[in-house]
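Trainee: To start, I am sharing the structure in question, which I have written as structure tokens.
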Amino acid sequence: MEKVTRMASERPVVIFSKSSCCMCHTIKTLFCDFGVNPAVHELDEIPGGRELEQALSRLGCSPSVPAVFIGGELVGGANQVMSLHLNRSLIPMLKQVGALWV
């Protein structure tokens, strides 16, 4: 859990993902299209990824990926991120944490 917290606060936007997950790809693309450069941790490609995935599940991420942190705080998965985007809350949130300057 401590490792997830540390990793989640290393950049304004942090995404825990799996390289084979289509929803993860969609969320990463969304942020990149905004011009955000998130830290992306592919849990199926890094040592200890399974343990990180279990910690994300304990934090309430269901499914465990994608798990998006903005400003070190857990925003949630694809549904939560898309909801924020559709209600026009995502861009102001990204500006607030310094991930966007537009």
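Trainee: Identify, please: which residue in region 13-41 is aliphatic (A, V, I, L, M) and open to solvent by less than 50 Å² (accessible area, probe 1.4 Å) and is, among those, farthest from ALA99 (Cα to Cα)?
Mentor: For region 13-41, the residue satisfying everything is ILE27.
Trainee: Looking at VAL75, VAL97, VAL65, which is the one that is open to solvent by 30 Å² or more (accessible area, probe 1.4 Å) and touching a Phe, Trp or Tyr at 6+ places or on another chain (Cβ under 8 Å)?
Mentor: Matching residue, one of VAL75, VAL97, VAL65: VAL75.
Trainee: Assess whether ILE70 counts as being modelled with pLDDT of 95 or more and open to solvent by 50 Å² or more (accessible area, probe 1.4 Å).
Mentor: When the stated conditions are applied, ILE70 does not pass them.
Trainee: Listed residues LYS28, LYS3; which is at pLDDT below 95 and either assigned to a helix (DSSP H, G or I) or not β-branched (Val, Ile, Thr) (or both)?
Mentor: Answer to the check: LYS3.
Trainee: Within region 82-92, is even one residue touching a strand residue (DSSP E or B) at 6+ places or on another chain (Cβ under 8 Å), of a type outside the set (D, E, K, R), more than 14 Å from SER17 (Cβ to Cβ) and in contact (Cβ under 8 Å) with a residue 24 or more places away in the chain?
Mentor: no
Trainee: Hey, can you tell me all the residues within region 42-59 that are among the charged types (D, E, K, R), part of a helix (DSSP H, G or I) and open to solvent by 30 Å² or more (accessible area, probe 1.4 Å)?
Mentor: Within region 42-59, ARG50, GLU51, ARG58 qualify.
The values are calculated or read from the model by the stated rules, or taken from the named source; none is laboratory data. Please read these numbers as outputs of a predicted model, since none were measured by experiment. Backbone-built Cβ (ideal geometry, glycine too); neighbour counts: all protein chains shown. Remember, those area values only see protein heavy atoms, side chains included, never the ligands or the DNA or RNA. Shrake-Rupley method; radii C 1.70, N 1.55, O 1.52, S 1.80 Å.
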